[in-house]
């Protein structure tokens, strides 16, 4: 059954830690795990399970995906969403000294940050000044090393939308304000009526992008063909879209190609949104007898929906599903004709670092 689902998906595409303890102020560790001693200095317990650097494992997955994509398209764009914490890593545990993760940063073209000004929690809710300031400091680091920064705020009032756009532009970011979040982000905004800095230029590289749109559920925008034409009839410089239009139905190469041209006729990149941090029941790769623990990389269901499972994203089995072979998720995206990807679910590593 799994093989049939994998073949069906690819055919459609081709064709159509910190660890803390209250025991003592200073602890001895082994492989990053705390060692516990009694009052005479005798060791009581040692966690001998393999140490996993959750942040580094996610960096590795992202880097491997980027490398694989560029085997087919040297200019394949790779953006990461809501995972700015991966930009630096600790290089001296004792002194808590951190430094930019240069290999990881070089594998990326840009970051997508949600809720910089509005909608971090609720649509139209202003992000606190403290949160905004902290996020801004981190994004400026990425911007200054050459990454393109795209912001996605969530608001419906023109006044709030204008505020969010102005703030992003002031900081040399590329803004987009969606009217809804998640699966409800399924339509283009009514305001502003035209893309910010709308232009007729061909977008041949990421540095030419002045505006963009990001849709998370295209199924509410008509058929595949109708959705593609709605996006074609805009002049955004970049489009980020789901791979699947309705359940396991992909958009198809023809519709991707339609979206790659603005209404004015010039070429623009279209990026596929790819969740690498969770497995979904009903996805093309999901086997009928899969469940928590079977296969081993499938973990507990999400608290928000039983159709979504956390995964051991460092597991080789999960890597094989995501990239590296002609049955993988990324291979299908590439054959469908996309110009790049927006990697979603990357920040799931934080849940493993802080399980409470």
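Laboratory data are not the source of any read-out in this text; all were calculated from the coordinates shown. What you see is a predicted model; the values in this text were computed from it and never measured. Backbone-built Cβ (ideal geometry, glycine too); neighbour counts: all protein chains shown.
The table below lists the values:
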read-out	value
Label-to-label distance, nm, for residues given as residue 281 and residue 254 (7 Å Cα→Cβ offset)	3.5 nm
Packing rank of 331-337, 214-220, where each peptide gets the mean count of other beta carbons within 10 Å, highest leading	331-337, 214-220
Highest-first arrangement of 151-164, 276-289, where packing means the average Cβ count within 10 Å	151-164, 276-289
Förster radius 45 Å - calculated FRET efficiency between residue 303 and residue 202 (Cβ-Cβ, nearest 0.05)	0.55
Estimated FRET transfer efficiency when R0 is 35 angstrom, pair residue 103-residue 162 (beta carbons, to 0.05)	0.35
Rough spin-label spacing in nm, given labels placed 7 Å along Cα→Cβ, for residue 121 and residue 312	3.6 nm
Euclidean distance between Cα centres, the range 196-215 to the range 240-286, Å	18 Å
For the range 202-254, diffusion coefficient by Stokes-Einstein and Kirkwood Rh (Cα), 4 °C, 1.567 mPa s, µm²/s	108 µm²/s
Calculated FRET value between residue 144 and residue 266, using beta carbons and R₀ = 25 Å, to 0.05	0.25
Full-stretch length increase - residue 133, residue 171 - with 0.36 nm per residue and alpha-carbon distance subtracted	12.5 nm
